[in-house]
């Protein structure tokens, strides 16, 4: 079931989206995303971390069950996590992403107060069909 917006509502929606995308939080996030995509070192680091975390999850469960997880394995994962946290490009990307999330939550709260309803809950699509 698709809903058609009136031209006034469509225009208001378009202005809202344009303003949202032009906000400081979204501009900063977009810039951080571009930097992240262009930084080979940051991408390599995140890929290594992701691979190690995936490997460690399954291996750790088995090793924890038989108490054979080594300190070196734990230290290697922690070292990679620390490098990722300390990488300025990754940190800026993560921080800007969190800022966008907080900004959207603030907007949602304001819309809820203006409308007197939980706006976000009405925008979720149902899981049926």
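What follows draws every value from the coordinates through simple rules; no lab data is involved. Quick caveat: nothing in here was measured; it's all calculated off a predicted structure. Cβ placement follows ideal geometry from the backbone for every residue including glycine, while neighbour counts extend to all protein chains displayed.
A few notes on this one:
- Between the labelled values (i) 41, 21, 13; (ii) 22, 19, 12; (iii) 20, 18, 17, the entry that holds semi-axes √(5λ) of the Cα gyration tensor in Å as derived from this structure is (i).
- With respect to the chain, whose longest principal axis is taken over its alpha-carbon atoms, helix 88-115 is tilted by about 30°.
- Degrees separating the helix 24-38 axis from the principal Cα axis of the chain, which is the longest one: 40 degrees
- Between 18, 35, 96, the Gaussian network model of the chain with springs among Cα atoms under 10 angstrom shows the greatest mean-square fluctuation at 18.
- For the pair residue 21 and residue 94, the difference between a 0.36 nm per residue extended length and the Cα-Cα distance amounts to 24.5 nm.
- Helix 71-86 and the longest principal axis of the Cα set of the chain meet at an angle near 40°.
- Where labels lie 7 Å past Cα in the beta-carbon direction, separation of residue 48 and residue 34 in nm: 2.8 nm
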